[in-house]
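First the structure, in the form of structure tokens, and then the observations on it.
The values are calculated or read from the model by the stated rules, or taken from the named source; none is laboratory data. These figures come from a predicted structure and were not determined experimentally. Ideal geometry is used to build each Cβ from the backbone, glycine not excepted, and the neighbour counts take in all protein chains shown. Note: areas computed on protein heavy atoms with side chains; ligands, DNA, RNA excluded. Shrake-Rupley method; radii C 1.70, N 1.55, O 1.52, S 1.80 Å.
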Amino acid sequence: MASDNYESAADRGSEVAAFEDSRKGLLGHFHHALHTTPALVPLIVLIAAVIGFGLYLGSRFMSPFALTLILQQVQIVGVLAAAQTLIILTAGIDLSVGAIAVLTSVIMGQFTFRYGIPAPASVAMGLAVGTAIGAMSGWLVSRVKLPPFIVTLGMWQIVLAANYLFSANETIRSQDIEAEAPFLQFLGNKVQFAGATFTFGVILMVLIVVVLAYVLRATAWGRHVYAVGDDPEAAQLAGVDVHKTLMSVYMVAGFVCALAGWVMIGRFGSVSPSATTGVIGNIQAITAVVIGGISLFGGRGSIAGAFFGALIVGVFELGLRMAGADPQWTFLLIGVLIIAAVAVDQWIREVSA
């Protein structure tokens, strides 16, 4: 008799569980999809934005020219967002990404024109400097245990000052670069494909996203990055070298920022120490990362999400401009998206807890 009562209670329990699953089945599946694929939300927003502007503006917006123009406009921010994503995945933040990009572009230009170094070697030196700056920030964060916000805030000021001091606020004109060192503008060269125009800078941005997405997903280093961002103490106990992981993340991020500096030369044609990327590039990169669903608490998100976040900003900017709207609407909508993205991240974390 007791066993019969136990079996009937178990049956009732399973029926209740099945009933609960059926009640929240759709919401539960949706939450599970968001939890396992953080880039899903920005992808949905991106598709909805493209469709919405396409229906409103018609062929003007949906043309290959307009859609590839978005890619060209976000190529610098997209590369910087990839670097920022690596830092934020470790529960840090880097306020110096834009300044590093500007300084390394100045180094590439000045080494070529001031010291007569061949352009390919100057580009390599710029990439090395970006990596070295990332190494300094990584050492201060991982070994000295300083907060990433403070370290990179200070590094932002140092790099910007070094940028102006080294360049003497001198701009290298695009005509001079085109005539004497066209390799510096290499990433600005264009290719045609299916009626669309792509620059090598856009192609490089996509390659960076694809390579980093694979590395983070399919390698031990990528798993270590997520583990350190989720819980560094637990990662240390599990055998992860937290110091080496953080050092490598900041060095890779610095290298990617230097690539963004090279992309800047291709995009603008000239080398200017006063480029606005040095000041607003940090905010633009963080905006793309947050809208892209990467958690500011670390340990969750993907490079693809940051890429989608950069594209969302580009779609809104171009779409509203083509619609003749006040530019302030762009900032308003992006602000709403930032708050909504953080709210979604918090909801996912609370339900998963």
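P(r) tail for the chain, what percent of Cα pairs lie past 40 Å? Mind dumping the intermediate values first?
Details: 12261 of 62128 pairs.
Tail of P(r) above 40 Å: 20 percent of Cα pairs.
Over the stretch 39-197, what is the relative contact order in percent, taking alpha-carbon pairs closer than 8 angstrom and at least six residues apart?
Values: 104 pairs, mean separation 42.3, N = 159.
It rounds to 27 percent for the stretch 39-197.
Given R₀ = 30 Å, what would the calculated FRET efficiency be for residue 121 paired with residue 203, taking r from the Cβ atoms and rounding to 0.05?
Values: r = 23 Å, r/R0 = 0.76.
Taking R0 as 30 Å, the efficiency between residue 121 and residue 203 is 0.85.
Which percent of the accessible heavy-atom area of the stretch 52-151 goes to carbon and sulfur, probe 1.4 angstrom?
Working: 2650 of 3560 Å².
Ligands and nucleic acids excluded, carbon and sulfur reach 75 percent.
Per the helix-only calculation at 222 nm, which mean residue ellipticity applies to the chain, given -39500 (n - 2.57) for every DSSP H run of n ≥ 4 and division by its residues, nearest 500 deg cm²/dmol? Numbers along the way, then the final one.
Details: 16 runs with 273 residues, N = 353.
Calculated from helices alone, the mean residue ellipticity at 222 nm is -26000 deg cm²/dmol.
In whole Hz, what ³J(HN,Hα) sequence does the stretch 89-97 give by Karplus (6.51, -1.76, 1.60; θ = phi - 60°), x for Gly and Pro?
In residue order, the calculated couplings are 4, 8, 6, x, 7, 10, 8, 10, 4 Hz.
Residue by residue, what Karplus-based ³J(HN,Hα) values in Hz, rounded to whole numbers, does the stretch 73-88 have, using 6.51, -1.76 and 1.60 with θ = phi - 60° and x for Gly and Pro?
Rounded to whole hertz, the list is 6, 9, 4, 5, 4, x, 5, 4, 5, 4, 5, 5, 4, 4, 5, 5.
Considering only protein heavy atoms, what per residue accessible area in square angstrom results for the chain with a 1.4 angstrom probe?
Heavy-atom accessible area per residue stands at 48 Å².
Please list, by residue number, everything in the stretch 279-298 whose backbone N is under 18 Å from a paramagnetic label point 7 Å out along Cα→Cβ of residue 164.
279-282
Kirkwood Rh, the stretch 132-236, all Cα pairs: how many Å?
Values: mean 1/r = 0.0558 Å⁻¹.
Taking the inverse mean of 1/r over all distinct Cα pairs, the stretch 132-236 comes out at 17.9 Å.
So what are the ³J(HN,Hα) numbers for the stretch 155-164, from phi and the Karplus equation (6.51, -1.76, 1.60; θ = phi - 60°), rounded to whole Hz, Gly and Pro as x?
For the stretch 155-164, the Karplus-derived couplings read 5, 4, 5, 4, 5, 4, 5, 4, 4, 6 Hz, x marking Gly and Pro.
Zone of residue 63 (label point 7 Å along Cα→Cβ, backbone N under 19 Å): which residues in the stretch 311-325?
Of the residues in the stretch 311-325, 315-325 have backbone N under 19 Å from the label point off residue 63.
Of 270, 59, 167, which has the largest mean-square fluctuation in a 10 Å C-alpha GNM of the chain?
It is 59.
Please get the size of the charge dipole for the chain, origin at its Cα centre, with Cβ charges of +1 on Lys and Arg and -1 on Asp and Glu, quoted in debye to the nearest 20. Don't jump to the answer; show the numbers that get you there.
Numbers: 16 positive and 19 negative charges, 170 e Å.
It works out to roughly 820 debye.
What whole-number distance in Å separates the alpha-carbon centres of the stretch 37-64 and the stretch 166-218?
Rounded to whole Å, the Cα centres lie 25 Å apart.
Give the long-range amide H neighbours of residue 292: residues separated by 5 or more places, or on another chain, with amide H under 5 Å away, using H modelled in the peptide plane at 1.01 Å from N.
Placed amide hydrogens put 309 under 5 Å from residue 292.
Can you tell me the length gained on complete extension of the stretch residue 196 to residue 219, counting 0.36 nm per residue apart and subtracting the Cα distance? Could the numbers behind the result be given before it?
Details: separation 23, 0.36 × 23 = 8.28 nm, distance 3.43 nm.
My answer for the length gained is 4.9 nm.
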